[in-house]
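The values are calculated or read from the model by the stated rules, or taken from the named source; none is laboratory data. Note that the structure is a prediction, hence the values are computed from the model and not measured. Cβ sites come from the backbone with ideal geometry, for glycine too, and all protein chains shown count toward neighbours.
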Amino acid sequence: MKNSVAGALLLPGLPHQTTTPAGLPAPPLSLASNPVSARHRNLYNGDTSVFFYNPELWQPEDYTLKIVKNPRTGKLNTKPTLEGGPFSAKAIHRCVDVLADSGVDTFIINANASRAWYPSKTIPSILDGYKRGDRDFFRGHAICQGITKPAAVEEFLDNMVPFMNRYQDLLDAGVDWLAETAKACRRRGVSPWVSIRMNDLHGCNNFEGSFFNLPLLKQKEMRLECYTYGDQNWLYRQGLNYEKPEVRRQMFEQIREVVEDYDFEGLELDWWRQPLCCEPGASAETIAMISDWIREIRALTERQAKKTGRPYPLSLRIPGRLAMLKQIGLDVVTLCREGIIDLVCPTGFFCTSWDMPHDALRRELGNRVAIYGCIEGAPNPLPVFDRKAKQTKGLRDTAASRELMRGSAVSSLVQGAGGIEWFNFFGADQPRLPGLRADYAALGAVGQLDQLRGQPKHYAFGMNGTSLGLTPFEVPAQLPVVLERKGQYAFRTALCAEPTDRGLVLLVQLVLKAGSRFEGASVSLNGSWPETRFTRSDELLFPCGPFTHLTKEHIGYVCQLPISLIRDGWNEILLEHGSKQPLSLVTIELAVR
């Protein structure tokens, strides 16, 4: 244990069970009898920019970060600028090399946002009509990034033009980067899959003016009209309406192209970008129409499988609230029980769903389909602080912490998940933030539950009330809450049992709003006698890259519990509040150390 307040909690007066190893717990729910799990257990999802975000990592001989003079202003930039090029196919191969060396067996490459980002022959592509250096081509997208002030718009274009020019570099060289991705995967024995975003709305704040948007999305009559309620962002819910035959026809043509004309062997339909399909309250006829459309996609993949002699699984990346999906026309239960869908990855919109009910989903979906855990780019929206650089970040990057990676994987694997899908992993590659990098080497070390037992882990809880959640499709988060005096509050989370002969302990950190009076609280796990000894600590239970502490808006209190209290599957944390004043509990963090 490192020398810290949390480490000091290993008090000599607290007994440790070290006599015999913990017996092996009962095995998790039986895995689906599905060939997907035998070949594809470690899935890495890369969006359309995965190679292009940080070319200095994949093509370091040609790209460097420098403080340079801005040719537009004539002044030195305040932040490092990426210089170099041209971008080439070797960056794609090097990225895939790292994934293969790290234990990834399946690379799911995303082919589109709204437009195709590869040189499609079927639907409009992202750079159709662009001439190198044309700043005005991208100007209409600035407002979609929340950028409106003239100087900020010009700075946005300073970055957008060279970024998109990397795609143009490949076009000029005659390289189709989507095909090159499959080629790189084949060279390294990684299975290449393709993901299609079913309703991406990155350009929704300017439907007609953003270069992101398909021409069909610019037509109001093709968009959803009745999706909003309350104070929801209406623009963000005006996606393409799949009740329109024009929408189904265009999306099917793009799917047909990436299946038939490219060397992939798996297809993911990403309904989290966005969960927009038909108008809510879809009729039985509408649901049947959408189900038939997805059956046509299945027939397409089966024809391709017959042509290549390889299986071609069909996967869904979806919210875990299946009844809500049926309200918009997606009858996931029927499609899975029919065998139309091979794999589902239930998850949250931006943050990992720590309490995704895999056990309940298995009962609903049946035993034909594989159900995987999905580890998102962030554990939750808890802001963190880097004391050394004195900088704050609005959330943590899971990929920068092996302990968070392990805990995230356990929350699904302990419930019988057949594998893991990583989403937004590369978001932790931030060369402009010293010390923050994605830990690729850890990717292959989290797929087997028994290998994770006894390893340090960091567990978190989902958090409500931020823009990173997309209601009503999220699994409702249990936190934050306001605790009243003498109240009992039970929270549940999925953990794995640990060996009791390795000196491990469980640390529980209560994260409160700054200024809260903390007195008379207790924590119990799975019916244990309440623990009342807490130590004030604003240090994170494990560092996440350079970020080591809570921000000034929060305070933390840590207690220690015996590791033997943890059981496989769902665990109950019971919190009692004894102070006269209400207590604002922001979240709960757990550490196995």
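Please state which one of Glu364, Glu403 is touching a His at 6+ places or on another chain (Cβ under 6 Å), at pLDDT 95 or above, outside any loop (DSSP other than H, G, I, E, B) and among the acidic types (Asp, Glu).
Result: Glu403 is the single residue among Glu364, Glu403 that is touching a His at 6+ places or on another chain (Cβ under 6 Å), at pLDDT 95 or above, outside any loop (DSSP other than H, G, I, E, B) and among the acidic types (Asp, Glu).
So how many residues does segment 279-311 have that are over 11 Å from Glu243 (Cα atoms), among the aliphatic types (A, V, I, L, M) and in contact with a Phe, Trp or Tyr (Cβ under 9 Å, 6 or more places away or on another chain)?
3
On the given criteria, is Leu178 in a helix (DSSP H, G or I), within 28 Å of the chain's Cα centre (by Cα) and crowded, with 18+ Cβ neighbours inside 10 Å?
yes
State whether one or more residues within segment 100-114 are more than 27 Å from the chain's Cα centre (by Cα), surrounded by fewer than 16 Cβ atoms within 10 Å (Cβ to Cβ), modelled with pLDDT of 95 or more and not aromatic (Phe, Trp, Tyr).
Checking segment 100-114: not a single residue is more than 27 Å from the chain's Cα centre (by Cα), surrounded by fewer than 16 Cβ atoms within 10 Å (Cβ to Cβ), modelled with pLDDT of 95 or more and not aromatic (Phe, Trp, Tyr).
Just a yes or no: is a residue in segment 344-360 over 24 Å from Leu468 (Cα atoms), touching a residue at least 12 places away in the same chain (Cβ under 8 Å) and surrounded by 21 or more Cβ atoms within 10 Å (Cβ to Cβ)?
no
Filtering segment 248-284 down to residues that are without any contact (Cβ under 8 Å) to a residue 60 or more places away in the chain and within 19 Å of Tyr227 (Cβ to Cβ), which residue is surrounded by the fewest Cβ atoms within 10 Å (Cβ to Cβ)?
Step by step, filter segment 248-284, then rank; the result is Gly281.
Out of the residues in segment 199-215 meeting the condition of being hydrophobic (A, V, I, L, M, F, W, C) and in a loop (DSSP other than H, G, I, E, B), tell me which one is farthest from Trp271 (Cα to Cα).
Top of the filtered list is Phe211.
So which of Arg485, Arg432, Arg492 ends up being at pLDDT 95 or above and surrounded by fewer than 20 Cβ atoms within 10 Å (Cβ to Cβ)?
Arg492
Take segment 557-581 and flag every residue that is within 26 Å of the chain's Cα centre (by Cα) and part of a strand (DSSP E or B).
Gly569, Trp570, Asn571, Glu572, Ile573
Being in the same structural domain as Ser315 (by TED's automatic domain parsing), polar (S, T, N, Q) and in contact with a strand residue (DSSP E or B) (Cβ under 6 Å, 6 or more places away or on another chain) narrows it down to one of Thr73, Thr48, so name that one.
Thr48
Taking Arg132 and the conditions (1) surrounded by fewer than 20 Cβ atoms within 10 Å (Cβ to Cβ); (2) under 30 Å from Trp293 (Cα atoms), which numbered condition does it fall short on, given that it satisfies the others?
If we test Arg132 against (1) surrounded by fewer than 20 Cβ atoms within 10 Å (Cβ to Cβ); (2) under 30 Å from Trp293 (Cα atoms), just (2) comes out false.
Table: residues versus (1) among the aliphatic types (A, V, I, L, M); (2) touching a Pro at 6+ places or on another chain (Cβ under 6 Å); (3) under 30 Å from Gly230 (Cβ atoms).
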{"position": "Leu413", "(1), (2), (3)": "yes, no, no"}
{"position": "Gly416", "(1), (2), (3)": "no, yes, no"}
{"position": "Glu421", "(1), (2), (3)": "no, no, no"}
{"position": "Gly427", "(1), (2), (3)": "no, no, yes"}
{"position": "Pro431", "(1), (2), (3)": "no, no, no"}
{"position": "Gly454", "(1), (2), (3)": "no, yes, no"}
{"position": "His458", "(1), (2), (3)": "no, no, no"}
{"position": "Phe461", "(1), (2), (3)": "no, no, yes"}
{"position": "Gly469", "(1), (2), (3)": "no, no, yes"}
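Of the residues Leu57, Leu43, Leu65, which single one is farther than 30 Å from Ala409 by Cα, in the same structural domain as Trp177 (by TED's automatic domain parsing) and not in a loop (DSSP other than H, G, I, E, B)?
Selected residue: Leu65, the only one of Leu57, Leu43, Leu65 that is farther than 30 Å from Ala409 by Cα, in the same structural domain as Trp177 (by TED's automatic domain parsing) and not in a loop (DSSP other than H, G, I, E, B).
From Ala490, Ala497, Ala442, which residue is touching a residue at least 12 places away in the same chain (Cβ under 8 Å), among the aliphatic types (A, V, I, L, M), in a loop (DSSP other than H, G, I, E, B) and out of contact with any Cys (no Cβ under 8 Å at 6 or more places or on another chain)?
Result of the check over Ala490, Ala497, Ala442: Ala497.
Return the residues of segment 408-423 that are out of contact with any Phe, Trp or Tyr (no Cβ under 8 Å at 6 or more places or on another chain) and closer than 26 Å to Val96 by Cβ; say none if nothing qualifies.
Ala409, Leu413, Phe423
Right, Ala417: touching a Ser or Thr at 6+ places or on another chain (Cβ under 7 Å) and not assigned by TED's automatic domain parsing to the domain that holds Leu322 or not?
When the stated conditions are applied, Ala417 does not pass them.
State all residues of segment 509-556 that are in contact with a helix residue (DSSP H, G or I) (Cβ under 6 Å, 6 or more places away or on another chain) and in a loop (DSSP other than H, G, I, E, B); if no residue qualifies, say none.
Asn526, Ser528, Ser537, Gly545
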